[in-house]
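The values are calculated or read from the model by the stated rules, or taken from the named source; none is laboratory data. The structure displayed is predicted, hence computed values, not measured ones. Note that we place each Cβ from the backbone using ideal geometry, even for glycine, and neighbour counts take in every protein chain shown.
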Amino acid sequence: MPQKEPAALVTGGRQGIGRAIADRLARDGWRVVVADREPPQDSGTFPHRFVKADVGEEAAVRQLIGDIAEREGRLDGLVCNAGFMIRKPIEDLSLDEWNAVIATNLTSTFLLARGAAGLLRQTRGAILTIASTRAHQSEPHTESYAASKGGLLALTHALAVSLGPLIRVNCISPGWIDTRGGPLSEEDHAQHPAGRVGRPEDVAGLAAWLLGPESGFVTGAEFLTDGGMTRKMIYAE
């Protein structure tokens, strides 16, 4: 039997931004399933149902969605947060490394959205993708990561058009988010127009709003969460 409380799946949720989103949703009354390739370090006290899964693999996603359908009986929110970076000069970047980044960061969202669409339609649910400001700007040697995040941004608005009106799909593109707890310098904070480096909770608060009913007229949108850095003109002195 489906439970009354809304249910969310957060991929890459054992730490960092994904963990903050999972924790925030739980405080708001959601039942949260976290999927990750590795178990959380605090597995003995981890407050969410954890499923070990590589969401870049089709069979793993099929099993994950089937497990949620059986145990939760519903799905109201899908947070596609899983991702990683390989920083390497392009001449040294192997095709296997490129494919691994694309699979986890981009293909996983296609697999998850395809697999979860039926459950999400039943609840008029929402999908949230976590891209990056690197969809718009880059540092050297980040080609696979930038390509995956740019593709994720485009996939977001494509899904919004295809899955609407029953399913809304939006994207958060974080900038510098301190997921490790510093140390940070005064200069690190001061360079941001907002006056500080971001925190995982900054993304989690926005995520909760985008997954909830108050954002019912918002779909296909990207939300830059970067303290204003992508709007700041920087010149060499």
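Among the residues of the stretch 1-14, is any more than 23 Å from ARG168 (Cα to Cα) and not β-branched (Val, Ile, Thr)? Within the stretch 1-14, one or more residues are more than 23 Å from ARG168 (Cα to Cα) and not β-branched (Val, Ile, Thr). Checking the structure you have, find out if any residue of the stretch 6-19 is touching a residue at least 24 places away in the same chain (Cβ under 8 Å), within 19 Å of GLY125 (Cα to Cα) and surrounded by fewer than 23 Cβ atoms within 10 Å (Cβ to Cβ). Yes. Contact annotation: residue pairs with Cβ atoms under 9 Å, 6 or more positions apart or on different chains, pairing a residue in the stretch 144-155 that is free of Cβ contacts under 8 Å to residues at least 40 places away in the same chain and closer than 18 Å to PRO89 by Cβ with a partner that is part of a helix (DSSP H, G or I) and small (Gly, Ala, Ser), are ALA146/ALA135. Residues that are under 16 Å from GLY18 (Cβ atoms), of a type in the set (Lys, Arg) and free of Cβ contacts under 8 Å to residues at least 40 places away in the same chain do occur in the stretch 52-71, at least one of them. The residues of the stretch 198-232 that are farther than 22 Å from LYS149 by Cβ and free of Cβ contacts under 8 Å to residues at least 12 places away in the same chain, listed by number, are PRO213, GLU214, PHE217.
Within the stretch 215-229, the set of residues being loosely packed, with under 15 Cβ neighbours inside 10 Å and more than 12 Å from ALA126 (Cα to Cα) comprises GLY228 only.
ARG168 meets each of the listed conditions (1) crowded, with 22+ Cβ neighbours inside 10 Å; (2) of a type outside the set (S, T, N, Q); (3) touching a Lys or Arg at 6+ places or on another chain (Cβ under 6 Å) apart from (3). Within the stretch 212-237, the set of residues being in a helix (DSSP H, G or I) and either touching a helix residue (DSSP H, G or I) at 6+ places or on another chain (Cβ under 7 Å) or within 14 Å of SER132 (Cα to Cα) (or both) comprises SER215, MET229, THR230. Considering only residues in the stretch 181-213 that are crowded, with 20+ Cβ neighbours inside 10 Å and not hydrophobic (A, V, I, L, M, F, W, C), the one that is modelled with the lowest pLDDT turns out to be GLY198. Entry remark, the stretch 200-221: residues being closer than 14 Å to VAL79 by Cα and either among the charged types (D, E, K, R) or touching a His at 6+ places or on another chain (Cβ under 9 Å) (or both) number 0 in total. Scanning the stretch 1-32 for residues that are out of contact with any Asp or Glu (no Cβ under 7 Å at 6 or more places or on another chain), closer than 20 Å to GLY66 by Cβ and among the aliphatic types (A, V, I, L, M) turns up MET1, LEU9, VAL10, VAL32.
Of the numbered criteria (1) in a loop (DSSP other than H, G, I, E, B); (2) in contact (Cβ under 8 Å) with a residue 24 or more places away in the chain; (3) over 30 Å from GLU91 (Cα atoms); (4) not small (Gly, Ala, Ser), the one LEU184 fails is (2). Residues ARG31, ARG24: which one is modelled with pLDDT of 95 or more and out of contact with any helix residue (DSSP H, G or I) (no Cβ under 6 Å at 6 or more places or on another chain)? Of ARG31, ARG24, the one residue that is modelled with pLDDT of 95 or more and out of contact with any helix residue (DSSP H, G or I) (no Cβ under 6 Å at 6 or more places or on another chain) is ARG31.
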